[in-house]
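Notes follow once the structure below has been shown.
The values are calculated or read from the model by the stated rules, or taken from the named source; none is laboratory data. Given the structure is predicted, the values throughout are model-derived calculations rather than measurements. So basically every Cβ, Gly included, is an ideal-geometry build from the backbone, and we count neighbours across all protein chains shown. Note: accessible area is taken over every heavy atom of the protein model, side chains too, but ligands, DNA and RNA are not part of it. Shrake-Rupley method; radii C 1.70, N 1.55, O 1.52, S 1.80 Å.
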Amino acid sequence: MEKGPFSVEWLAQSSLGGAREMPGSPDGCPLQSPPSVPAESPRERELRSPGLAAVPVPGRARTKFSAAQLQELERSFRQQRYIGAGEKRRLAAVLNLSQSQIKTWFQNRRMKFKRQTQDAR
């Protein structure tokens with residue numbers, strides 16, 4: 001395979017970043033990858049290349065809430081469906097969970113509530 005302008009090898013090399021000479025340019029003008037381009041995560045890479053076999057990306061394990069945690073979360077949800085920052089911090093400290101876990105639980109609980117009310121109609 002010929003390594004002409006924009007060959008697979010050149011493209012693969014240029015995707016690594018840094019200064020590269022553009023093939024066929026008369027003055028050997030270097031190409032610079034933009035410095036503001038963020039690094040690609042393994043998950044983004046997996047989503048971008050659907051033709052390749054999916055490589056499982058390790059993520060956070062599913063949280064198993066205890067009965068006491070669920071009871072307190074449900075009690076708080078009955079009082080107010082949308083949780084404020086102060087209540088979120090309080091629940092996170094009391095239940096030994098992260099604020100993002102509390103936020104996600106409330107989002108999921110609102111969706112469950114919405115499904116239940118639509119099914120009841």
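Key figures
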read-out	value
Filter pass, Glu74 being within 30 Å of Ser7 (Cα to Cα), out of contact with any Phe, Trp or Tyr (no Cβ under 8 Å at 6 or more places or on another chain) and either at pLDDT 60 or above or not in a loop (DSSP other than H, G, I, E, B) (or both)	no
Residue list for the range 61-76, filter: of a type in the set (D, E, K, R) and open to solvent by 70 Å² or more (accessible area, probe 1.4 Å)	Arg62, Lys64, Arg75
Test result for Gly51, open to solvent by 70 Å² or more (accessible area, probe 1.4 Å), modelled with pLDDT under 85, under 23 Å from the mean Cα position of the chain (by Cα) and of a type outside the set (S, T, N, Q)	yes
Residues satisfying the stated conditions in the range 54-70, i.e. hydrophobic (A, V, I, L, M, F, W, C) and at pLDDT 85 or above	Ala61, Phe65, Ala67, Ala68, Leu70
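Residues are listed down the side, and each one gets a yes or a no for (1) open to solvent by 60 Å² or more (accessible area, probe 1.4 Å); (2) within 18 Å of Thr63 (Cα to Cα); (3) not hydrophobic (A, V, I, L, M, F, W, C):
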{"site": "Arg78", "(1), (2), (3)": "yes, no, yes"}
{"site": "Gly86", "(1), (2), (3)": "no, no, yes"}
{"site": "Ala92", "(1), (2), (3)": "no, yes, no"}
{"site": "Asn96", "(1), (2), (3)": "yes, yes, yes"}
{"site": "Ser100", "(1), (2), (3)": "yes, yes, yes"}
{"site": "Asn108", "(1), (2), (3)": "yes, yes, yes"}
{"site": "Arg115", "(1), (2), (3)": "yes, no, yes"}
{"site": "Arg121", "(1), (2), (3)": "yes, no, yes"}
